[in-house]
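See below for the structure under consideration.
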Amino acid sequence: MLAYTVRRVLAMIPLIVAIATITFVLMHAVEGGPFDSDKPLPPATLENLKKRYGLDDPLPVQYLNYLKNLAQFDFGISIANNRNITDIIRERMGVSIQLGIATFLFATVLGLGLGIFSSLNQNGIGDYAGVFIATIGAAMPSIVLAPILTIVFAVKLGWFNVLSSDYGFTDWFRGDFSNWRQVVLPTVALGFLPMAFIARITRASMLEVLRQDYVRTARAKGLAEFAVVIRHAARNAMIPVLTVLGPIFAGLITGSLVIETLFAIPGLGREFVRSVLIRDYGLIMGVTVFYAVVIAFMNLVVDLLYGFADPRIRY
């Protein structure tokens, strides 16, 4: 197991380097720069700014310096904020993590419940209703669902709050959930698609497991239906679901570009969108590499769990 773990960790290194390289090349291939504006800067000021942020060096030198800094876990300095990018990520990531955790719980609990309920009522009204909800969730992107939820439940009915200047996600770690009315709509809008995905996978896996001989044997022994479903069928049906939960969790906690922008949530996703609009090279590259590291790490965790469960995968 140790050798398998080392191989998987080492395989992450060229992946991160490749992503960093592609991001660096694309950023410098785009026309314009972070110092472009409607009112051009004086040449002397422009040269000083480029020297301050290391943009006056040849591209190969900038690239090597960039990789050297990444190896030291230094993402550089944000041009727009004049702050260390690591500090910005640490500050904004807390908000995105809390939104991601809330969304992950919503998508997982509802998706598993809906998938199991549909499989137990195959070709019945419950199954059709579950499949219908999952299909809507898979077909409706968050950029469409978010405005609908806002208009109906925030503007018309007034049940929830949005676009608050003091969003308050950071207070969650202190046990303050007084702002829960501001959390519901972003959570539903962001979690509806992964919920539908989890529900469809759970339903398909449960239907396959329920047809197995050991499930029929458990029922023939007179076990209660609840025990058959939970202890025998659901446990084995969760193996395919666990495969997708890792990447889903990584994608949610790294922040949603669309949802955080639409709901004015001060998370890392919203900061990333802002950095793209103002061409903040350092912040764009730093956040992109950070996203890649988080997603690669979650995939590594899933691979290790699979290797632990099935020794054949290690070889």
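The values are calculated or read from the model by the stated rules, or taken from the named source; none is laboratory data. This is a predicted model, so every value here is computed, not measured. Every residue, glycine among them, receives a Cβ derived from its backbone with ideal geometry; neighbour counts consider all protein chains shown. Quick note on the areas: whole protein, heavy atoms, side chains included, nothing else; ligands and nucleic acids left out. Shrake-Rupley method; radii C 1.70, N 1.55, O 1.52, S 1.80 Å.
Here are a few things to note about the model shown:
- Phe249 - accessible surface, heavy atoms, 1.4 Å probe, Å² rounded to 10: 50 Å²
- Rg/Rh, computed from the Cα trace of the stretch 118-165 with Rh as the Kirkwood radius, has the value 1.19.
- Annotation: the stretch 210-305 has a Kirkwood hydrodynamic radius of 16.6 angstrom, from the mean reciprocal C-alpha pair distance.
- A simple spin-label model places pseudo-atoms 7 Å from Cα toward Cβ; at Ile16 and Glu208 they are separated by 3.4 nm.
- Over the stretch 246-285, volume per residue of the alpha carbon convex hull, in Å³: 66 Å³
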